[in-house]
Amino acid sequence: MMALKTLAAAGLAVAALAGCAIPNSRAVPDDVSLLNNRLSVSFSNGVRCRVDGISEQPTGALTGCPIPAQYDVRMQRPGYFGDVITEPYADILITDASGRVHLFKTPGSRNWSARLGSDEG
């Protein structure tokens, strides 16, 4: 009987969390990484999209991504150990479907101003 109650409680918790999921239409870019000529963008609902060949096409759409967004990678300088091991120094702008631009800096340690609540950077 105790196992049945635990199972029922777990089922209700999963159903409640599913109702709180962020739909793709409201998801915003949450994090980026830029390694090995690949841009990866994580969104607030857990969706992760990738674009290969960033050095050949530093601006474009996140094609094949269920969340419509545009990217613009502005390289500042290479990483210290090559772009396969460490992220290059770059400013990455992700424009969401509403037209809002989100600025990310790589490597992640350059995002200190964003952690302080500033949109400047």
Gained length - residue 74 relative to residue 37, 0.36 nm times residue gap less alpha-carbon distance: 12.0 nm
Length gained if residue 57 through residue 25 is fully extended, taking 0.36 nm per residue and subtracting the Cα-Cα distance, is 9.0 nm
Averaged per residue, the 1.4 Å probe accessible area of segment 24-106, protein heavy atoms only, in Å², is roughly 56
Given a 1.4 Å probe and every protein chain left where it sits, what share in percent of the accessible area of segment 24-106 is carbon and sulfur? 49
If I model segment 24-106 as equal point scatterers sitting on the Cα atoms and use the Debye formula, what is log10 I(q)/I(0) at q = 0.18 Å⁻¹? -0.68
Which of the peptides 94-101, 67-74 is most tightly packed, and how do the rest follow, judged by the mean count of other Cβ atoms within 10 Å per residue? 67-74, 94-101
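The values are calculated or read from the model by the stated rules, or taken from the named source; none is laboratory data. Because the structure is a prediction, the values reported are computed rather than measured. Using ideal geometry, Cβ is built from the backbone for each residue, glycine included, and neighbour counts are taken over all protein chains shown. Only protein heavy atoms, including side chains, enter the accessible area calculation; ligands, DNA and RNA are left aside. Shrake-Rupley method; radii C 1.70, N 1.55, O 1.52, S 1.80 Å.
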